[in-house]
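The values are calculated or read from the model by the stated rules, or taken from the named source; none is laboratory data. These numbers come from a predicted model, not from an experiment. A quick note on method: Cβ atoms are made from the backbone with ideal geometry, for glycine too, and the neighbour counts reach across all protein chains shown. These accessible areas exclude ligands, DNA and RNA; they are computed on the full protein's heavy atoms, side chains included. Shrake-Rupley method; radii C 1.70, N 1.55, O 1.52, S 1.80 Å.
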Amino acid sequence: MFKEPFDNLRANSALVHNITNYVTVNDVANVLLAAGASPIMSDDINDVEDITSICGGLNINIGTLNGNTIPAMFAAGAKANALGHKVLLDPVGAGASKLRTDTALDLMNKIKFDVIRGNISEIKTLATGSGTTKGVDADIADAVTEDSLESAVKFAKDLSKATSSIIAITGAKDLVTDGDKCFVIINGRPEMGRITGTGCQLSALMTAFIVANPDDQLTAAAAAVCAMGLAGEIGWSRMQNGDGNSTYRNRIIDAIYNMTGDALEEGAKYEIK
């Protein structure tokens, strides 16, 4: 199921405009390059419309938003919508502050997003208009477990229908849904949470996947989640004595670089609900 979208990504060389987190911008660029896509980073209001115009996809990440980048996000989003380009929202830290929450909600009201990707606490905040997160991490009380899986799937499907966006909720169990079908994915390693930026990288990667696979964006979004999780597994298996989270970050990117469609097909762990 995931070989074709991965092979399409390799062949497409998707150009992705990222208005993203300053903390992780270099890793975002490198994971896109590792996947065969091309990154552009631009967040100046005088530049973003031109940059978005030449890209197939726009990745908006609010991790380090400020008074300069917020209007640029709206301008780029409006331009991408006008051109029919793919747009993804990563509402980093929604629920942690009023500015983040209000900005994310306003973006959702004014821009059509093909995909909204975040952790469970961030996505719940978008659904209810308020919430709590542990900094930019999910509140443990919101975690998707075996006991809460069915209700979490229903929540994600309902939000997808309400927003007309694919909803991707990532955590120990990942949910990716278009409102009708939901992929429940269990690829990944808990150690990925010790690295800043794996979520930011995933959002960029997912944007490239949907650009390269416009006819099946749900499968493409799920393929991105599986690819990132599988890279975490492969990267961890290659850790050596004395390696730490900095090495692990690089091994994850290297795993994406060396991954094939066949390897993703074989290593993906998911069920459909």
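Extent of the range 55-101 along its three principal axes (Cα atoms, max minus min coordinate, largest first): 32, 18, 12 Å. Computed over every Cα-Cα pair of the range 138-205 and binned at 5 Å starting from 0, the pair-distance distribution P(r) comes out as 4, 16, 25, 25, 19, 10, 2 percent. Could you give the distance between the Cα centres of the range 12-53 and the range 166-226, to the whole Å? When both Cα centres are located, 18 Å separates them.
Distance distribution note for the range 44-198: the fraction of Cα pairs above 20 angstrom is 49%. Three semi-axes describe the equivalent ellipsoid of the range 175-273; taken as square roots of 5 times the Cα gyration tensor eigenvalues and ordered largest first, they are 24, 13, 12 Å. Per residue, the convex hull spanned by the Cα atoms of the chain measures out at 112 cubic angstrom. Which of SER165, ALA224, ILE51 sits farthest toward the positive end of the charge dipole of the chain, with +1 on the Cβ of Lys and Arg and -1 on the Cβ of Asp and Glu? The Cα lying farthest towards the positive end belongs to SER165.
Stokes-Einstein, applied to the Kirkwood radius of the range 233-273 over Cα pairs at a viscosity of 0.692 mPa s and 37 °C, places its translational diffusion at 287 µm² s⁻¹.
Label separation (SER237 vs SER38): 3.3 nm, computed from points 7 Å beyond Cα along the C-beta direction. Solvent-accessible surface of the range 146-273, taken per residue with a 1.4 Å probe and all protein chains present: 42 Å².
In a solvent-free Debye calculation with one equal scatterer on each Cα, what is log10 I(q)/I(0) for the range 1-116 at q = 0.14, 0.20, 0.21, 0.23 Å⁻¹, listed in the order of the q values? Reported log10 I(q)/I(0), two decimals: -0.55, -1.08, -1.17, -1.34. Legend: P(r) of the range 1-69 from all alpha carbon pair distances, 10 Å bins from 0, whole percents, reading 20, 48, 26, 6, 0.
With a cut-off of 12 Å between beta carbons, the residues surrounding PRO91 carry a summed charge of -1, where Lys and Arg count +1 and Asp and Glu -1. Normalised by the number of residues in the range 217-264, the average gap of Cα pairs under 8 Å and 6 or more apart makes the relative contact order 43 percent. Using the Cβ of ASN187 as centre and a radius below 14 Å, the other residues enclosed give a net charge of -3, where K and R count +1 and D and E count -1. Using a Debye calculation, one point per C-alpha and no hydration shell, please list log10 I(q)/I(0) for the range 165-233 at q = 0.11, 0.26 Å⁻¹ in order. Here the Debye-derived log intensity ratios amount to -0.23, -1.20. Taking Cα centre as origin and charging only the Cβ of basic (Lys, Arg, +1) and acidic (Asp, Glu, -1) residues, the dipole magnitude of the chain rounds to 280 debye. Solvent-accessible area per residue in the range 59-101 equals 32 Å², computed with a 1.4 angstrom probe and all protein chains kept. Our estimate of slack between SER151 and THR260, defined as 0.36 nm per intervening residue step minus the Cα-Cα distance, is 35.8 nm.
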